[in-house]
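Worksheet: the structure to be examined is printed underneath.
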Amino acid sequence: MGEEWKSIGLRGMYGYMADLSTEPRWYRAHETFTEDADLNSNIMTSLVENLQGPVDEDGVSLSPDTPVALTMKHFPGGGPQELGLDAHYSFGKTQVYPGDGFGYHLKPFEAAITAGVSSIMPYYGAPVDVTYDGVSYDQTGMAFSNQIVNDLLRDKLGFKGYVNSDTGIINDRAWGLEDKTIPERVAAAINGGTDTLSGFHDVKTITDLVDTGLVTEERVTLAAERLVDPLFRLGLFENPYVDPDEAGETVGNEDNREVGLDLQRKSAVLLQNEDTASGSKALPLKDGSDVYILGDINEQTVKNYGYNVTNGNTENPADRPSAADSDSVVISVTANNANTASYKSNDPATGLNPDYINPVTLEGVAGLDGTSPYGAADACVTSGAPACTDDGLRFGGSLPWESSVLDFSGMAESQSWKITPSLETIKDVMAEVDDPSKVVLHVYFRQPYVLDEASGLRGAGAIVAGFGMSDTALFDILSGKVSPQGKMPFALAGTSLAIREQFSDLPGYEETTDGALYPFGFGLTF
């Protein structure tokens, strides 16, 4: 990646996410690497060392040879969102630590800082009832918090780069400072240690704050120095140009494509591989066999592996051919949000529907009292703002009252999830096969979905967990051309109860009644 980005002049990145996927309901789990802090620390170290370079005497690993300067996010770890509700939304402002895991989420950031990461971005969320190392943290958004940025990030952890806020903290998502004016919010962020306010462009507000003494000129100068320092270290003032010919030869070349394909293969996790009635395992598929495909699978790709293909994907479900005579059935399963664009905070049918009460509480914040509908905390409701922050749920996630619905049976019946192919169709196809153990499921785990018993998915002969892979990578595994070697980056719950009982800030499901169906690090091979 670094080679390709540098060749076209992209020298900075808002990434990677050092957050831990300890809260399965958080929609952004697919942007994280793992729930395990130690593994994630190793990953962050590797990313900084390889994309920025070796650390220098100033504790920063930037030079003209650096491919990409990184902005690790979201300090101090955005994973433990209460109920998995995202902090982009007014109903999801709170980060909670029921397992006392605040320090656990700091580990990947400590590793990135040690490796010399250029920049760090705090998250929107406000910590609730958090005391760590004797400090009780204010319940304000992280980028406004002097305790989080100046005291913890800079003084305690020794970070020397610049702090870049997440987008829109001043005008739209000033959590904990909702009743403050725009200048007051700007002053809080700058004095709290944040150097650049993403999405805020009113320079006069800052100069006025300096003129009135609410922000010092020295503080603004320090922020400017921190921001331009990486540009000098990268050599962009001396030579900001790239060679178009070199870029054309670099981006998407065969060597880089092969690396990407290999990583996709290595990421696949074999969760289950049962014996079929004939005595063989469900995987690998037999050479030259008749394979029935369903879901997002390219027919020609499967034929290229020498299989005789029956395609169950038809425009009219009534025209779908039966899978009864097939040697194997391969179903690619995805689950995505649907019907969420209709959400409006001030709509009695959605955001203000009294049937859907937000249990989240944040002291002193209007609408977050544990007894109000989800839309009650939005500025268009609390203060008559002309626009609602949460309308359309454009940052993703299910309808908030369905955030705990991650089991396939529940998602199939929900308002805000769509399973493709439908769970009903998957069950029909599995019933058509004389031996259900011939069925191979590839499940795209965008989030740690629940393979609940009632869904029937566990009855498949083989289950492969994917995290975004091409059909070629998938069938390299299914055909036996490449043996699976991936391990689960997070545990998988087996029941919806475990999803509701788990602690948002701790990995796995040890604290739950049912525990995990598959633990972190699980993975079979053949």
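So which of Glu57, Glu31 ends up being open to solvent by 10 Å² or more (accessible area, probe 1.4 Å), of a type outside the set (A, V, I, L, M) and in contact with a strand residue (DSSP E or B) (Cβ under 6 Å, 6 or more places away or on another chain)?
Glu31
Being open to solvent by 40 Å² or more (accessible area, probe 1.4 Å), out of contact with any Phe, Trp or Tyr (no Cβ under 7 Å at 6 or more places or on another chain) and within 29 Å of Leu261 (Cα to Cα) is true for just one of Phe522, Phe503. Which residue is that?
Of the residues listed, the single one that is open to solvent by 40 Å² or more (accessible area, probe 1.4 Å), out of contact with any Phe, Trp or Tyr (no Cβ under 7 Å at 6 or more places or on another chain) and within 29 Å of Leu261 (Cα to Cα) is Phe522.
Criterion first (open to solvent by less than 30 Å² (accessible area, probe 1.4 Å) and either closer than 30 Å to Met469 by Cα or modelled with pLDDT of 95 or more (or both)) does Leu197 satisfy it?
yes
Determine which member of the set Ala460, Ala491, Ala454 is open to solvent by 10 Å² or more (accessible area, probe 1.4 Å) and either modelled with pLDDT under 95 or not basic (Lys, Arg) (or both).
Criteria check complete, one pass: Ala454.
For segment 160-191, name all the residues that are acidic (Asp, Glu) and touching a residue at least 24 places away in the same chain (Cβ under 8 Å).
Once the filter is applied, which keeps residues that are acidic (Asp, Glu) and touching a residue at least 24 places away in the same chain (Cβ under 8 Å), segment 160-191 yields Asp166, Asp172, Glu178.
Being more than 15 Å from Glu402 (Cα to Cα) and either in contact with a Cys (Cβ under 9 Å, 6 or more places away or on another chain) or among the aliphatic types (A, V, I, L, M) (or both) is the filter here, so list the residues in segment 499-509 that pass it.
The one that is more than 15 Å from Glu402 (Cα to Cα) and either in contact with a Cys (Cβ under 9 Å, 6 or more places away or on another chain) or among the aliphatic types (A, V, I, L, M) (or both): Leu506.
Any idea which of Gly9, Gly2, Gly15 is under 12 Å from the mean Cα position of the chain (by Cα) and touching a residue at least 24 places away in the same chain (Cβ under 8 Å)?
Selected residue: Gly15, the only one of Gly9, Gly2, Gly15 that is under 12 Å from the mean Cα position of the chain (by Cα) and touching a residue at least 24 places away in the same chain (Cβ under 8 Å).
Hey, among the residues in segment 134-143 that are of a type in the set (A, V, I, L, M, F, W, C) and open to solvent by less than 20 Å² (accessible area, probe 1.4 Å), which one's nearest to Gly78 (Cα to Cα)?
Met142
Residue-wise test of (1) of a type in the set (A, V, I, L, M, F, W, C); (2) touching a residue at least 24 places away in the same chain (Cβ under 8 Å); (3) touching a Phe, Trp or Tyr at 6+ places or on another chain (Cβ under 6 Å).
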residue: Asp100; (1), (2), (3): no, yes, no
residue: Leu106; (1), (2), (3): yes, yes, no
residue: Gly125; (1), (2), (3): no, yes, no
residue: Asp129; (1), (2), (3): no, yes, no
residue: Gly134; (1), (2), (3): no, no, no
residue: Asp138; (1), (2), (3): no, yes, no
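So, of the residues in segment 337-349 that are among the hydroxyl-bearing types (Ser, Thr, Tyr) and touching a helix residue (DSSP H, G or I) at 6+ places or on another chain (Cβ under 7 Å), which turns out to be most open to solvent (accessible area, probe 1.4 Å)?
Per the stated criteria, the residue is Thr340.
Return the total of residues in segment 244-303 being over 30 Å from Gly2 (Cα atoms) and among the charged types (D, E, K, R).
Residues that pass the stated criteria total 9.
Output the residue which, of all residues in segment 256-313 that are within 30 Å of the chain's Cα centre (by Cα) and of a type in the set (Ser, Thr, Tyr), is nearest to Ser479 (Cα to Cα).
Applying the filter and picking the extreme gives Thr301.
Based on this model, can you work out whether Arg320 counts as basic (Lys, Arg) and closer than 24 Å to Ser409 by Cβ?
Against the criterion (basic (Lys, Arg) and closer than 24 Å to Ser409 by Cβ), Arg320 qualifies.
Among the listed residues Leu47, Leu39, Leu20, which satisfies the condition of being buried (at least 23 other Cβ atoms within 10 Å of the Cβ) and either part of a helix (DSSP H, G or I) or modelled with pLDDT under 95 (or both)?
Testing whether each residue is buried (at least 23 other Cβ atoms within 10 Å of the Cβ) and either part of a helix (DSSP H, G or I) or modelled with pLDDT under 95 (or both) leaves just Leu47.
Could you grab me the full set of residues in segment 363-386 that are in a loop (DSSP other than H, G, I, E, B), in contact with a helix residue (DSSP H, G or I) (Cβ under 8 Å, 6 or more places away or on another chain) and in contact (Cβ under 8 Å) with a residue 12 or more places away in the chain?
Val365, Ala366, Gly367, Leu368, Asp378
How about segment 251-284: which of its residues are over 30 Å from Thr34 (Cα atoms) and open to solvent by less than 70 Å² (accessible area, probe 1.4 Å)?
The answer is Thr276, Gly279, Ser280.
Restricting the first residue to segment 449-464 and requiring it to be more than 13 Å from Gly494 (Cβ to Cβ) and of a type in the set (Val, Ile, Thr), which pairs with a second residue that is open to solvent by less than 10 Å² (accessible area, probe 1.4 Å) and outside any helix (DSSP H, G or I) meet a Cβ separation below 6 Å and a spacing of at least six or different chains?
Qualifying pairs under 6 Å: Val464/Ala268; Val464/Leu270.
Taking the condition open to solvent by less than 10 Å² (accessible area, probe 1.4 Å) and at pLDDT 95 or above, does Phe395 pass?
Judged against the criteria, Phe395 is not a match.
Of everything in segment 362-388, what is in contact with a strand residue (DSSP E or B) (Cβ under 8 Å, 6 or more places away or on another chain), open to solvent by 70 Å² or more (accessible area, probe 1.4 Å) and within 19 Å of Asp179 (Cα to Cα)? Give them in sequence order.
Within segment 362-388, just Asp369 meets the criteria.
Kindly establish whether Ile357 is in contact with a helix residue (DSSP H, G or I) (Cβ under 9 Å, 6 or more places away or on another chain) and open to solvent by 40 Å² or more (accessible area, probe 1.4 Å).
It is true that Ile357 is in contact with a helix residue (DSSP H, G or I) (Cβ under 9 Å, 6 or more places away or on another chain) and open to solvent by 40 Å² or more (accessible area, probe 1.4 Å).
Conditions first: (1) touching a residue at least 40 places away in the same chain (Cβ under 8 Å); (2) under 30 Å from Gly508 (Cβ atoms); (3) among the hydroxyl-bearing types (Ser, Thr, Tyr). Ser46 passes all but one, so which condition is the exception?
Among (1) touching a residue at least 40 places away in the same chain (Cβ under 8 Å); (2) under 30 Å from Gly508 (Cβ atoms); (3) among the hydroxyl-bearing types (Ser, Thr, Tyr), the lone unmet condition for Ser46 is (1).
Give the residue, chosen from Thr34, Thr66, that is touching a Gly at 6+ places or on another chain (Cβ under 8 Å), assigned to a loop (DSSP other than H, G, I, E, B) and of a type in the set (S, T, N, Q).
None of the others qualify; the one that does is Thr66.
Conditions tested, residue by residue: (1) of a type in the set (S, T, N, Q); (2) in a helix (DSSP H, G or I); (3) over 29 Å from Ala473 (Cβ atoms); (4) in contact (Cβ under 8 Å) with a residue 12 or more places away in the chain.
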position	(1), (2), (3), (4)
Asp347	no, no, yes, yes
Leu352	no, no, yes, yes
Cys388	no, no, yes, yes
Gly397	no, no, no, yes
Met411	no, yes, no, yes
Ile419	no, no, no, yes
Glu424	no, yes, no, yes
Val440	no, no, no, yes
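I'm trying to understand the selection: among the residues of segment 272-297, which are among the hydrophobic types (A, V, I, L, M, F, W, C), farther than 16 Å from Val464 by Cα and not in a loop (DSSP other than H, G, I, E, B)?
Once the filter is applied, which keeps residues that are among the hydrophobic types (A, V, I, L, M, F, W, C), farther than 16 Å from Val464 by Cα and not in a loop (DSSP other than H, G, I, E, B), segment 272-297 yields only Val291.
The values are calculated or read from the model by the stated rules, or taken from the named source; none is laboratory data. None of the values given here were measured: they were computed from a predicted structure. All Cβ positions, glycine included, derive from the backbone under ideal geometry; neighbour counts span all protein chains shown. These accessible areas exclude ligands, DNA and RNA; they are computed on the full protein's heavy atoms, side chains included. Shrake-Rupley method; radii C 1.70, N 1.55, O 1.52, S 1.80 Å.
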